[in-house]
Amino acid sequence: MNRIAAVSFAVIAGLSVTGTAFAQTSSEEGQWYIGPRLGPLGTDSDRVAIDNNQLRTFKGGFDSAFYGLEAGFQFTPEWGYRVYYDYLRGDLHNADSADGSIYGVDLMYNFTDSVYGSIGINNTDLGDVSNRFLRVGAGYREQLNNNWQLFVEGGVQQSDGDLTEFLLMTGLRYYFGESASPAPAPAPAPQQAAPVDSDGDGVMDANDRCPNTQPTYKVDQYGCVMYSNETITHELMINFAFDSAVIPAGEKGEIKETADFLKEFPQLDIRIEGHTDSIGTVEYNQGLSERRAKSVGQSLISDFGIEQERVSTVGFSENRPLVPNTSPENRAKNRRIEAKMSITKEVPVKEDN
């Protein structure tokens, strides 16, 4: 009996410790169940049976098997009890087998929704020899649907005559009363968020591939700014005094604007063309036209930092007059340099006002 007391104390201590270690979420309170079970039993080496008025021993190991029914009731989410009856048959040395039965009652404790423990007493009658046992066990269960549950369990039983035996079993339980595992309530349908146009371009955020566009620009169906090709032209013309290649003081601003345009579009080069009026020989005017073009080109390089390789100059003497050289005013217009640059680029299309 001392061994029974020790086992009982260990099981009760384990229940109390584990009960605080696991959160209990079982929802089986108030339910009944019933179901079949079966498994092997490992008899104690000291167990004997009476066969034809002779004492027989068992073969050892898991030499016996049982099957039967159990029924139970869950009176709290953690605690329940069950009663059971099993038919038992064991293999004997030098004989066929011995029959018997086991009936008992267990107190059940749910550690979690899947893991449980048990402690109880039973009467085991095998081969016309009857013993009373204290049995402890632990099991694992898996819910198959709202009513059916599969379980596996292992246990050890200790008799008042110092027999220690082990068992394994598996079985099914059918729950009735309340649902063993009520189906979870359906999740509420997600609320459809109202469409949002964060940048105010007329395209909802869900379809907007280009967020944060400026509202002053036209956008396409994906909310991206629309562009059009635009040709930008810059012209430079400077007039010179008679027989002079010196840049007039008031023309530096024009040269600076040209330098700024070249810096904005570094892919462009500039070609400066020099011209003269018709006074003087063609040969002299050729040199004068070249000097006028070079003076402006040098100003772009020295005064405004344009790279030398981007600047070229050429002189055309008096051969390309802007207007006929028929008056002093016209000849003044022909004493000049010219440069023209253009580039095509994409620019955003603005909304119509």
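Please treat every number below as a calculation from the coordinates, not as lab data. Computed from a prediction, not measured in an experiment: that's the story for all the values here. We place every Cβ from the backbone using ideal geometry, glycine too, and count neighbours over all the protein chains shown.
See the values below:
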quantity: Residue list for region 300-324, given a label point 7 angstrom along the Cα-to-Cβ vector of Ser278 and an amide N cut-off under 14 Å; calculated: 318-324
quantity: Cα centroid separation, region 285-306 to region 236-275 (Å); calculated: 8 Å
quantity: Linear extension gain, Trp79 paired with Cys210, 0.36 nm per residue minus alpha-carbon span; calculated: 41.0 nm
quantity: Full-extension gain in nm, Glu235 to Leu322, via 0.36 nm per residue minus C-alpha separation; calculated: 29.9 nm
quantity: Where labels lie 7 Å past Cα in the beta-carbon direction, separation of Leu69 and Tyr227 in nm; calculated: 8.4 nm
quantity: Computed label-point distance, nm, for sites Tyr217 and Trp32 using a 7 Å Cα→Cβ extension; calculated: 7.7 nm
quantity: Relative contact order (%) - region 262-353, alpha-carbon pairs under 8 angstrom, separation at least six; calculated: 38 percent
quantity: Size of charge dipole - region 239-342 - debye, nearest 20, with Cβ of Lys, Arg +1 and Asp, Glu -1, no other charges; calculated: 140 debye
quantity: In sequence order, calculated HN-Hα J values of region 100-114 (Karplus, 6.51, -1.76, 1.60; Hz; x Gly/Pro); calculated: x, 8, 9, 9, x, 9, 10, 8, 10, 9, 8, 6, 9, 5, 10
quantity: Correct option for Rg and Dmax of the Cα atoms in Å [calculated from the coordinates] among [x] 25.5, 88; [y] 53.0, 156; [z] 20.7, 64; calculated: [y]
quantity: Acute angle (nearest 10 degrees) that the helix 252-264 long axis makes with the longest principal axis of the chain, alpha-carbon atoms; calculated: 30 degrees
quantity: Global geometry of region 254-353, whether rounded, prolate or oblate, following the gyration tensor of its Cα atoms and the 1.5 cut on a/c; calculated: oblate
quantity: Estimated 222 nm signal from helices in the chain, with DSSP H stretches of n ≥ 4 weighted -39500 (n - 2.57), rounded to 500; calculated: -6000 deg cm²/dmol
quantity: Surrounding net charge for Asp44, when Lys and Arg each add one and Asp and Glu each subtract one, Cβ distance under 9 Å; calculated: -2
quantity: For region 47-158: rounded, prolate or oblate by the Cα gyration tensor [a/c cutoff 1.5]; calculated: prolate
quantity: Long pairs among Lys252/Lys333; Lys218/Lys263; Lys256/Lys333; Lys263/Lys340, criterion Cα-Cα beyond 20 Å; calculated: Lys218/Lys263; Lys256/Lys333
